[in-house]
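Reading through the structure tokens given below for one structure.
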Amino acid sequence: MSPPFSETLVQRLREADWVTVFTGAGMSAESGVPTFRGEGGIWETFRPEELASMKAFLRNPELVWRWYAHRREVMGAVSPNPGHTAVVRLERLYPGFAVITQNIDNLHRRAGSLTVYELHGNIERNYCAQCGEPYQLGAGEPADRLPRCTACGGAVRPDVIWFGEILPEDEWKGAVAAARSSDLFLSVGTSAVVYPAASLPVMARRAGAYLVEINPEPTPLTEVADEFLAGRAGEILPLLAEVAERLRESTMRTGGDRE
Ligand code: BV8
Ligand code: ZN
């Protein structure tokens, strides 16, 4: 089946120097990680502020810790899906490449992606909310009991960015530089409602990137994007990677001159 990609997208896949893939929870849906806002999403049962915020943690650290312990367990038990692997295949084809993810599940790194900007942190890292000391969960430690900092006895929290918290500076700077360098910017599996992350696709487009959105549903980004590919990440990204490999290999074989 020939892929449903436009001439412009094919041309960018052939000629891009820099490709960026921006991902949200929909990227991991096919691995079995529930999204946030869709049906069956984790936030159907309560509002995000109730748990993904410092206020919630201060009010009830045990509850928030248990919620993340549950999510860590889910994320640890799943594997990267063909969408993640396709992103790794794409990374090998372009001199400039970055993954910018809002996901905290570490699945891009586990799939083998090398340049990954984790805007909202990583659930596998924890630190003391009091003194900032990193905290390594002990192997035999009961996962759902709130750990205490070995240095100061403070409550330990997951190294994720909660609402109202600023994004890690290096990750944000790297993501902005990648967006601004992109010839092709793929926004995959995100509802594009959380800021400042959701400003990156538009930033990329303003800087000259061809903006492609991959999602089974339209989002607020759809009307801004140059191309909307309706479908699942695990189905469309492998098709994209296949086309890109064919195009880039033929370019390499003919020594880089355009057909
Ligand atoms: C900050 C980590 C301030 C924790 C998360 C009013 C207007 C605008 C902005 C604001 C506002 N009020 C407050 C704000 C700012 C706020 C914000 O944007 N709120 C939104 C909700 C309105 N932002 C913040 O607070 C940020 N910090 O602004 O700081 C500041 C500034 C200066 C100085 C001091 C402070 C911090 C935001 C980070 C919050 N942390 N997560 C955790 O995970 O528990 S957000 C959370 O949402 C996740 O990171 C998630 O990734 C992110 C975005 O969600 P998505 O990834 O898009 O997931 P979602 O479920 O929504 O969508 C999934 C999509 O996938 C759907 O479209 C679906 O159709 C699609 N899909 C499903 N299956 C598939 C698929 N796609 C492809 N394939 C499939 N198979
Ligand atoms: Zn401490």
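The values are calculated or read from the model by the stated rules, or taken from the named source; none is laboratory data. Worth saying up front: this structure is predicted, and the values here are computed from it rather than measured. Note that each Cβ is placed from the backbone with ideal geometry, even for glycine, and that neighbours are counted across all protein chains shown.
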For the range 78-105, what are the residues that are within 18 Å of Glu15 (Cα to Cα) and of a type in the set (Gly, Ala, Ser)?
-> Gly96, Ala98
Out of the range 67-99, which residues are more than 13 Å from ligand 1 (Cβ to nearest atom) and among the basic types (Lys, Arg)?
-> Arg89, Arg92
Given (1) without any contact (Cβ under 8 Å) to a residue 40 or more places away in the chain; (2) more than 25 Å from Ser31 (Cβ to Cβ), Tyr210 misses just (1)
Could you say whether any residue in the range 153-163 is away from ligand 2 (no atom under 15 Å from the Cβ) and surrounded by fewer than 18 Cβ atoms within 10 Å (Cβ to Cβ)?
-> yes
Residue pairs qualifying under the 6 Å Cβ cut-off, at least six apart or on distinct chains, with the first in the range 113-132 being over 24 Å from Glu91 (Cα atoms) and more than 16 Å from ligand 2 (Cβ to nearest atom) and the second being part of a loop (DSSP other than H, G, I, E, B) and among the polar types (S, T, N, Q), are none
Inspect the range 75-83 for any residue being in a loop (DSSP other than H, G, I, E, B) and under 26 Å from Ala179 (Cα atoms) and give the result as yes or no.
-> yes
Which of the following residues is modelled with pLDDT of 90 or more and either outside the structural domain of Asp226 (by TED's automatic domain parsing) or in contact with a Gly (Cβ under 6 Å, 6 or more places away or on another chain) (or both): Ser53, Ser28, Ser113?
-> Ser53
All but one of (1) within 16 Å of ligand 1 (Cβ to nearest atom); (2) of a type in the set (D, E, K, R); (3) out of contact with any strand residue (DSSP E or B) (no Cβ under 9 Å at 6 or more places or on another chain) hold for Glu118, so report the exception by its number.
-> (3)
If you check every pair at least six apart or on different chains, which have Cβ atoms under 9 Å apart with a residue in the range 172-201 that is closer than 13 Å to Ala225 by Cβ and among the aliphatic types (A, V, I, L, M) first and a residue that is within 16 Å of ligand 2 (Cβ to nearest atom) and not in a loop (DSSP other than H, G, I, E, B) second?
-> none
Could you please let me know if Tyr135 is aromatic (Phe, Trp, Tyr), buried (at least 16 other Cβ atoms within 10 Å of the Cβ) and out of contact with any Cys (no Cβ under 8 Å at 6 or more places or on another chain)?
-> no
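This table checks each residue for (1) assigned to a loop (DSSP other than H, G, I, E, B); (2) closer than 19 Å to Asn103 by Cβ; (3) within 16 Å of ligand 1 (Cβ to nearest atom).
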residue	(1), (2), (3)
Gly138	yes, no, no
Ala143	yes, no, no
Gly174	no, yes, no
Ala178	no, yes, no
Ser191	yes, yes, yes
Could you look through the range 199-239, keep only residues that are assigned to a loop (DSSP other than H, G, I, E, B) and over 21 Å from Val176 (Cα atoms), and pick out the one that is farthest from ligand 1 (Cβ to nearest atom)?
-> Glu223
